[in-house]
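See structure below.
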Amino acid sequence: MLLRFPVPLHLLLLRRHQHLLPNSVPSKRFNFSHPPQSLFKTVPVLRVGYPTSTFSEDESDVELGRLLSLLPEEMRRRVSEHPELHMLIEVVMDLGRKPLARFPSGDFVISEYPITVQDIQHATAQVGDFAVDNRAGISRTLHRISAIRNRKGTIIGLTCRVGRAISGTANLLQDLVQDGSSLLLIGPPGVGKTTIIREIARMLANDYKKRVMIVDTSNEIGGDGDIPHAGIGSARRMQVPNSDMQHKVLIEAVENHMPQVIVIDEIGTKLEAMAASTIAQRGIQLVATAHGITIENLIMNPSLEMLVGGIQSVTLGDEEASRRGVQKTILERKGPSTFSCAVEIISKTQLQIHRSLEATVDAILSGRFPNVEVRRMKSQEQEESVQTRQDAPEIGGEIMLEDAPERADLKTRQDESPLMLPNDMLENSWEHKLPLRLFCYGILEATVTQAIKQLKMNDADLQLTDNISEANALLALQSKLKKNSRIQAAFKSHDIPVYVTKFVGACNKSHTSITK
């Protein structure tokens, strides 16, 4: 039966009768871009296709229509008339407030009347039962309906999130998947982790003919209902009664169904991390996502540090500590990592690949830059490349940094106070040598960039550089600069002014002081 929707959505749904061929939509290409940075080198890789919808446009319209059927007629009409209809992210309905449709361009009010109890009841009556995690779905779709309840358990708000299966999103990782590497994907919410592992599951099952088992805790990978969504291909799916049972279902999947690949979404507890480690020791390829933004978040998370091999404190002897130039007590990786590779998802078009997760963890714990490949996606057909950042880059051709700048997690970035550049650094400009090229050591570039914006300086007046020979000044964190006498000697030999700073929490001081 054809669902009835107002124009233009109704016209879009009728296109399914035109029997469009799959090849009627021209495919696009993407590449891995190569910015001019001294810490990167370029190597060629295989050409792959640009992400397109797994299904025809008509089937996508039908699935979107099933989500919009939860809304009253006026709201459906307002959403369907929006120019970004096919990029709809979610619809938010809160009791007593105007409903919102969220698009990439921003929030859009879809009704001037507040949401009533009847509106919420109408929507919840058309979805499946809400589980313990207050999530439900629409059968045979990837949409997710999340509920907000009051203290009595009554639903007073809904977040109706659009789910889409998009082929090509895992092409950036095709070489790693084909090699049989176990992948751990890390990224903030809404960046597309679930979409990528869904496509990886389909790729492994259909293209590489492997036995793939998905452990689907919230039915986000395989969709709601007993029949999995076509977006996972021939991969099989095991549903989880509640999130507390995920680690048990993981072990059950291995013992009962002989999979070659296990796909897991959102590893968040120590029991789940232990189960994943047990599966990896049995020689099964793992593809999973974890809570966090960077690998440092996993290292500092006591529940998930097992995924990166575990962290332990080691006491060195006086001679060894002096040889390494570190304190006597250091952190080291305890054992082998559960995953061979890690992927930090920066955005929907940019990934950071750590081909050896163990080497990355060792580098971070020792204060060095890890080797990382930055891969980007572009819509136009061009030659593809990979940026590879080298471990401990050379400076000035002879001196090598031993202590790389510490990469802070998201909370640290938010807590850091704005940086105040000294006046003489800006006024003198070292005999009017413009642009002023600043070498930062031990300080996040984002912090310096924020200071530049606050001073309303032009990008041509002050630039950041990674090359000592090009630098006009050094801005360094005092505690880091003290540990590296060679970088001090390098700047002294080049007769370059050195400015040091101490970070002070925003709650204690209004700015950060800098001294020469």
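Things worth noting here:
- Ala359/Val498 FRET efficiency (R0 45 Å; Cβ-Cβ; nearest 0.05): 0.90
- Packing-based order for 121-127, 466-472, 338-344, 228-234, using average beta carbon neighbours within 10 Å, highest first: 338-344, 228-234, 466-472, 121-127
- Residue-wise HN-Hα couplings along segment 256-272, as the Karplus relation 6.51 cos²θ - 1.76 cosθ + 1.60 with θ = phi - 60° gives them from phi, are 9, 10, 6, x, 8, 9, 10, 10, 10, 10, 6, 7, x, 10, 5, 5, 5 Hz; Gly and Pro carry x.
- For Gln246, neighbours were defined as the other residues whose beta-carbon sits under 10 Å from its Cβ, and their charges (Lys and Arg +1, Asp and Glu -1) total -4.
- Taking every protein chain into account, the accessible area of segment 173-307 amounts to 39 square angstrom per residue (probe 1.4 Å).
- For segment 157-172, backbone phi angles converted through the Karplus equation (6.51, -1.76, 1.60; θ = phi - 60°) give residue-by-residue couplings of x, 9, 10, 9, 9, 7, x, 9, 9, 10, 6, x, 5, 9, 5, 4 Hz, Gly and Pro being listed as x.
- Area accessible to solvent at Lys209, 1.4 Å probe radius, in Å²: 150
- Other residues lying with their Cβ under 12 Å from the Cβ of Ile156 contribute a combined charge of +2, Lys and Arg counting +1, Asp and Glu -1.
- Packing-based order for 190-196, 260-266, using average beta carbon neighbours within 10 Å, highest first: 260-266, 190-196
- Long pairs among Lys453/Lys480; Lys210/Lys248; Lys210/Lys348; Lys328/Lys483; Lys98/Lys348, criterion Cα-Cα beyond 20 Å: Lys453/Lys480; Lys210/Lys248; Lys210/Lys348; Lys98/Lys348
- Selection of trypsin sites (Lys or Arg not before Pro), segment 48-150, meeting DSSP coil and at most 14 other Cβ within 10 Å: Arg97
- Fraction of C-alpha pairs exceeding 15 angstrom in segment 95-136: 57 percent, rounded to a whole number.
- Additional length obtainable on full extension of the chain from Ser469 to Ala125, 0.36 nm per residue less Cα span: 117.0 nm
The values are calculated or read from the model by the stated rules, or taken from the named source; none is laboratory data. Given the structure is predicted, the values throughout are model-derived calculations rather than measurements. Here the Cβ is made from the backbone with ideal geometry for all residues, glycine too, and neighbour counts use every protein chain on show. Areas reflect the complete protein model, heavy atoms only, side chains present, ligands, DNA and RNA absent. Shrake-Rupley method; radii C 1.70, N 1.55, O 1.52, S 1.80 Å.
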